[in-house]
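One structure is given here, and the rest of the page talks about it.
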Amino acid sequence: MNNYPNVFVFDHPLIKHKVSILRDKNTGMKQFRELIEEITTVMTYESMRDVELEPVEVETPLEKTVQWRVPEESIAIVPILRAGLGMVNGVHKVFPTARVGHIGMYRDEETLEPHEYYCKLPDGIQDKTVFLVDPMLATGGSACDALAALKKRGVKHIKFMAIIAAPSGIEAVANAHSDVPVYISTVDRCLNENGYILPGLGDAGDRLFGTK
């Protein structure tokens with residue numbers, strides 16, 4: 001399922017393998033957290049195929065040569081609290097010096113509408129490529145609002161990554177933010193009456209942090 005030019009669904013055997021373990025209700029908190037990080041790292045590699053590089057001169061043991069690198073301080077990570085925190089280390093494996101901001105969103109249990117309660121971003125974020133991360137893309141409300149919050153603060157280059165998504169969430173984000181590349185590892189069937197993804201993996205935040 002992908003009818004949107006800005007949406008990229010990965011078809012990677014390693015991701016499929018790890019997602020199958022991630023879904024299992026018997027997978028414990030430690031392994032769940034490690035799997036989220038590992039999947040995010042693979043997704044980060046895949047999502048950076050279009051990154052802009054700059055030339056640098058490197059001296060090897062034999063000679064000087066011009067090589068290509070991602071510019072320093074050009075990457076930032078913004079998790080949507082709280083479950084998005086589980087993906088930060090996965091991006092940091094690729095970009096260990098990336099600054100981290102935070103956007104806090106909560107969902108009204110009756111209306112399922114998202115509300116922003118916190119936003120703290122690194123200085124100069126408007127000039128960085130920002131990875132907005134959240135393991136689950138359900139209704140798309142939180143993702144849409146977080147993307148709007150970043151744009152309102154001048155961010156121009158955003159990549160949104162979610163591990164598991166419902167078709168309705170993909171549709172909402174793709175239509176509201178057609179200029180933002182959206183990277184998904186797995187598209188699930190639908191949402192239930194409570195807005196949870198089916199078959200999904202339950203509440204990602206609870207499973208990451210051992211809460212109920």
**Report entry** Odd one out for V58 among (1) among the β-branched types (V, I, T); (2) out of contact with any Pro (no Cβ under 6 Å at 6 or more places or on another chain); (3) under 30 Å from N192 (Cβ atoms)
**Finding:** (3)
Requested in this report: Output yes when any residue across the range 40-51 is charged (D, E, K, R) and part of a helix (DSSP H, G or I), and no when none is.
Outcome: yes
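Report yes if S178 is farther than 11 Å from L137 by Cα, surrounded by fewer than 19 Cβ atoms within 10 Å (Cβ to Cβ) and of a type in the set (S, T, Y), otherwise no. Write out each step before concluding.
On the way: farther than 11 Å from L137 by Cα: yes; surrounded by fewer than 19 Cβ atoms within 10 Å (Cβ to Cβ): yes; of a type in the set (S, T, Y): yes.
Yes: the conditions hold for S178.
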Query raised in the report: Residues in the range 136-156: is at least one in a loop (DSSP other than H, G, I, E, B), at pLDDT below 95, hydroxyl-bearing (S, T, Y) and in contact with a helix residue (DSSP H, G or I) (Cβ under 8 Å, 6 or more places away or on another chain)?
Result: yes
Report task. Taking P122 as the residue in question, decide whether it is surrounded by fewer than 17 Cβ atoms within 10 Å (Cβ to Cβ) and within 23 Å of T41 (Cβ to Cβ). Result -> yes
Report task. Starting from the range 51-64, keep only residues that are without any contact (Cβ under 8 Å) to a residue 12 or more places away in the chain and within 23 Å of V130 (Cα to Cα), then list their pairs with residues that are part of a loop (DSSP other than H, G, I, E, B) and among the polar types (S, T, N, Q) whose Cβ atoms are within a distance under 6 Å, requiring at least 6 positions of separation or different chains. Result -> none
Query raised in the report: Cβ-Cβ below 6 Å, separation at least six or inter-chain, first residue in the range 7-22 and closer than 15 Å to I36 by Cβ, second assigned to a loop (DSSP other than H, G, I, E, B) and not charged (D, E, K, R): which pairs?
Result: I21/T27; L22/L201
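Give the residue, chosen from I21, I39, that is surrounded by 12 or more Cβ atoms within 10 Å (Cβ to Cβ) and touching a strand residue (DSSP E or B) at 6+ places or on another chain (Cβ under 6 Å). Lay out the reasoning, then the answer.
Numbers: I21 fails: touching a strand residue (DSSP E or B) at 6+ places or on another chain (Cβ under 6 Å).
Exactly one residue qualifies, and that residue is I39.
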Query raised in the report: If you go through the range 10-27 one residue at a time, do you hit one that is among the small types (G, A, S) and assigned to a loop (DSSP other than H, G, I, E, B)?
Result: no
Query - the range 184-212: number of residues that are in contact with an Asp or Glu (Cβ under 8 Å, 6 or more places away or on another chain) and either among the basic types (K, R) or not in a loop (DSSP other than H, G, I, E, B) (or both) - result: 3
**Report entry** Residues (modelled with pLDDT under 95, among the hydrophobic types (A, V, I, L, M, F, W, C) and more than 15 Å from the chain's Cα centre (by Cα)) located in the range 5-28
**Finding:** L14
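The values are calculated or read from the model by the stated rules, or taken from the named source; none is laboratory data. Please read all numbers here as calculations on a predicted model, not as lab measurements. For neighbour counting, all protein chains shown are included, and Cβ atoms are generated from backbone atoms with ideal geometry for every residue, glycine included.
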